[in-house]
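Every read-out reported here was derived from the displayed coordinates using simple, explicitly stated rules and does not represent laboratory data. These numbers come from a predicted model, not from an experiment. As a convention, Cβ positions derive from the backbone with ideal geometry for all residues, glycine included, and neighbour counts pool all protein chains shown.
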Amino acid sequence: MLLQKGQVLNRKNIETLWSFFSEMLTVNDRLNGFENVPKEQQKTDSTESLKAVKPGQEEEGSIQAKGQSASSAEVKGKEKMRMKPRSTHELSVEQQLYYKEITEACVGSCEAKRAEALQSIATDPGLYQMLPRFNTFISEGVRVNVVQNNLALLIYLMRMVKALMDNPTLYLEKYLHELIPAVVTCIVSKQLCLRPDVDNHWALRDFAARLMAQSCKTFSMTTNNIQSRITKTFTKALLDDKTQWTTRYGCIAGLAELGHDVSLLHLLSTNSAIKFMLVTMISSGHFYSV
């Protein structure tokens, strides 16, 4: 399964383009720096603190100790709050079977079953409890298949994202920190297939760019600044001299879908090669469709 492969890749520390949105990830990784103090050291420290109290300072020392214990209790409370995992709903047997059949159909080889499964995801009003699992399935699937350059499965996973976004009964705000990096990866990844000169990976980049524009239109607010972050990410990668041209194509497609005329005009006056690529894309009159 895709999820098992994703766990193996995580243990091997294989990096992908998910670092574009590391600031949007949960704060659990920040807690790894906390270390537990050995018990012997704790006993020594407590003994030394008691010896350091002089006659007449017992009351002051007790007050300070109470203050320190209260502050440490607050810190521990905050740590527990941060380390609390995202809640997931338990699924019934019927829901587990439905989830298994839907995910297998979405990435299977039968086009008719894929279309039926995607239609179910886009219209079924009872998918809220399965949403965390769908989200993990997509994010881990993209992480694995980008490394393996499996273009077909990446296209199928982006179609799942499209279906989830089209379902009016689902609220995806809690899962954008995983869905957006998956979409951006399919836009700007250096290589998405085994034969870049033959396989039409450009269609996937264009489709993912449209999904990104739809996400910005639907979820971007002043509090999260999603569209601003996406624009800066695309622009920074595009102007980097070390960026591959496949990635630059994705950045241009992403900016074009976002409708940033000012940014595009700035890019036209900055780099003649980028100008040539952009003019060629615009003059063609269309982007690829998946």
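If you average the sequence gap of Cα pairs under 8 Å that are 6 or more apart and divide by the length of segment 90-284, what percent do you get for the contact order?
Values: 181 pairs, mean separation 32.0, N = 195.
For segment 90-284, the relative contact order is 16 percent.
Show me the ranking of peptides 181-189, 151-159 by mean Cβ neighbours inside 10 Å, starting with the highest. Walk me through the numbers on the way to the answer.
Values: 181-189: 25.9, 151-159: 21.0.
By packing density, highest mean first, the sequence is 181-189, 151-159.
Quick one: what are the phi-derived ³J(HN,Hα) couplings along segment 225-239, Karplus 6.51/-1.76/1.60 with θ = phi - 60°, whole Hz, x for glycine and proline?
Taking θ as phi minus 60°, the curve returns 6, 4, 5, 5, 5, 4, 4, 5, 5, 5, 5, 4, 5, 5, 8 Hz for segment 225-239.
Using the Karplus curve 6.51 cos²θ - 1.76 cosθ + 1.60 with θ = phi - 60°, what ³J(HN,Hα) values do you get for each residue of segment 141-148, in whole Hz, with x for Gly and Pro?
x, 5, 4, 6, 7, 5, 5, 8
Please give the net charge around residue 251, taking every other residue with its beta carbon less than 10 angstrom from that of residue 251, where Lys and Arg add +1 and Asp and Glu add -1.
+2
With only alpha-carbon atoms in the gyration tensor, what are the semi-axes of the equivalent ellipsoid for segment 90-284, in Å, largest first?
Details: eigenvalues 201, 73, 34 Å².
Taking √(5λ) for each Cα gyration eigenvalue gives 32, 19, 13 Å.
Quick one: Karplus J couplings for segment 184-192, per residue in order, coefficients 6.51, -1.76, 1.60, θ = phi - 60°, nearest Hz, x for Gly and Pro?
Residue by residue, segment 184-192 yields 4, 4, 6, 8, 10, 4, 4, 9, 10 Hz.
Could you work out the relative contact order of segment 157-255, using alpha carbon pairs under 8 angstrom and six or more residues apart, expressed as a whole percent?
Working: 74 pairs, mean separation 31.2, N = 99.
Relative CO of segment 157-255 lands at 31 percent.
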